[in-house]
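Structure record follows, encoded as structure tokens.
The values are calculated or read from the model by the stated rules, or taken from the named source; none is laboratory data. Here the structure is a predicted model, which is why all the values come from computation and not from measurement. Please note: Cβ atoms are built from the backbone with ideal geometry, for glycine as well, and neighbour counts cover all protein chains shown.
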Amino acid sequence: MKRQDYDMPFMLKYENVAWYENGEVKILDRRVYPREVRFEVCKSHKDVAKAITDMVTQSAGPYTAAGMGMALAAYEARDLYGEELIKYLEDAAETISTARPTTSTRLRKVTRGSIEAAKSAIENGEDVVGKIFDDAIDSLNRRYSAMNDVAKYLCDLIPDKGTVLTQCFGETIIGTMTRTLKEQNKDVRFICCETRPYYQGARLTATCISEMGFDTTVITDNMVAYTMENVGVDLFTSATDTITLDGHVANKVGTFQIAIVADRFNVPYYVTGMPDNEKKNRDDIVIELRDPSLVLGDHTAKDVKAIYPSFDITPPELITGFVTDKGVYKPNELKKYFDGEYKSYY
């Protein structure tokens with residue numbers, strides 16, 4: 001398959017997400033991009049897991065890093081054979097897959113694919129490192145290709161001359177959506193919530209959309225009601241870190257409140273991505289709590305406390321539709337996604 005990162009912004013090119021080569025994985029440090037282009041160099045799969053935990057890469061970036069990290073694990077275990085090698089890879093997969101608890105289900109799908117690739121390589125006398133690396137590229141191509149299908153359905157909902165509000169950094173859908181809009185010759189204005197406290201919307205989403213040539217405006221997270229009432233928004237969209245079968249969505253903290261405001265102003269909210277068959281309802285979602293010092297910054301008194309939940313959960317009644325690679329589903333129709341054939345993208 002042709003590489004699916006064609007005509008993408010700089011940070012969505014495969015080599016600039018995460019890349020294995022010569023016994024190390026380089027990961028673009030999104031904590032400082034675009035102010036600085038810096039790559040975290042990982043010498044072991046544990047370094048890769050730490051980079052995922054520390055949010056060197058976010059959104060779908062950890063899935064790419066996971067595949068490349070498994071190639072690095074195979075390189076570390078290059079002197080092992082047979083069951084010993086597979087055991088090493090299984091241990092590495094567990095370390096990488098649990099680096100971010102809310103997305104561990106999807107990370108496991110990536111690392112499981114890496115182990116299957118390793119078993120195939122061993123059986124056929126092939127290079128294990130190369131086989132896992134190739135599997136990581138195949139996974140990337142499947143994911144980008146699937147999200148390109150999602151983008152086509154989403155872009156059909158976006159009017160020419162319309163205004164779209166985004167939340168956090170949807171990575172692959174941001175790239176495929178803007179690429180598709182350019183192919184459709186649509187003139188669309190984007191408003192990006194800044195996404196506190198890591199500012200992914202301001203730094204990453206806005207950078208990618210602007211690089212693709214679209215009118216791009218950043219607002220702080222508490223300006224959504226004003227913007228919808230006084231500026232005007234035609235559609236609110238976000239990606240998601242998980243979608244349950246009953247239509248609950250875990251996404252960057254703040255998504256829930258934006259959905260409430262969107263409902264107040266009759267702005268449709270479309271979630272992009274495919275449901276997780278393993279997660280039946282909101283009780284199956286684990287909300288990751290991160291270092292609260294990132295919320296406090298350097299502008300609060302010494303004894304002030306903070307909390308930092310990475311995600312919140314938006315209920316299905318606030319969601320207009322789920323845009324998948326198979327079309328758009330109402331929340332109460334989401335289980336139908338698994339009727340007939342469906343693909344694995346990790």
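Quick notes on this structure:
- If you go through the range 292-327 and pick out every residue that is farther than 23 Å from residue 103 by Cα and touching a Phe, Trp or Tyr at 6+ places or on another chain (Cβ under 7 Å), you end up with 2.
- Each residue in the range 1-23 was checked for being in a strand (DSSP E or B) and either among the small types (Gly, Ala, Ser) or in contact with a Leu (Cβ under 7 Å, 6 or more places away or on another chain) (or both), and 2 of them qualify.
- Output for the range 89-103, where each listed residue is in contact (Cβ under 8 Å) with a residue 60 or more places away in the chain and part of a helix (DSSP H, G or I): 101, 102, 103
- Matching entry among 75, 63 (being touching a residue at least 12 places away in the same chain (Cβ under 8 Å), hydroxyl-bearing (Ser, Thr, Tyr), surrounded by 18 or more Cβ atoms within 10 Å (Cβ to Cβ) and in contact with a Lys or Arg (Cβ under 7 Å, 6 or more places away or on another chain)): 63
- Residues considered: 258, 313. Of these, the only one that is in a helix (DSSP H, G or I), over 23 Å from residue 152 (Cα atoms), in contact with a helix residue (DSSP H, G or I) (Cβ under 6 Å, 6 or more places away or on another chain) and touching a residue at least 12 places away in the same chain (Cβ under 8 Å) is 258.
- The set of residues from the range 287-307 being touching a strand residue (DSSP E or B) at 6+ places or on another chain (Cβ under 9 Å) and at pLDDT below 95 comprises 287, 288, 289, 290.
- Options 288, 278; residue that is under 30 Å from residue 157 (Cα atoms) and either touching a Ser or Thr at 6+ places or on another chain (Cβ under 8 Å) or free of Cβ contacts under 8 Å to residues at least 24 places away in the same chain (or both): 278
- Sole residue being polar (S, T, N, Q) and closer than 30 Å to residue 23 by Cβ, chosen from 163, 172: 172
- The range 24-71, residues that are over 17 Å from residue 111 (Cβ atoms) and assigned to a strand (DSSP E or B): 24, 26, 28, 39, 40, 41
- Here is the figure for the range 316-346: residues that are part of a loop (DSSP other than H, G, I, E, B), surrounded by 15 or more Cβ atoms within 10 Å (Cβ to Cβ) and in the same structural domain as residue 266 (by TED's automatic domain parsing) total 4.
- Candidate set: the range 161-183, residues that are among the small types (Gly, Ala, Ser) and not in a helix (DSSP H, G or I); chosen: the one surrounded by the most Cβ atoms within 10 Å (Cβ to Cβ): 170
- Lone unmet requirement of (1) in a loop (DSSP other than H, G, I, E, B); (2) surrounded by fewer than 22 Cβ atoms within 10 Å (Cβ to Cβ) for residue 240: (2)
- Any hit, the range 117-128, residues being among the hydroxyl-bearing types (Ser, Thr, Tyr) and either more than 22 Å from residue 325 (Cα to Cα) or part of a loop (DSSP other than H, G, I, E, B) (or both): yes
- Counted residues, the range 78-108 - those being closer than 19 Å to residue 243 by Cα and surrounded by fewer than 20 Cβ atoms within 10 Å (Cβ to Cβ): 6
- Residue 86 assigned to a helix (DSSP H, G or I) and not assigned by TED's automatic domain parsing to the domain that holds residue 31: no
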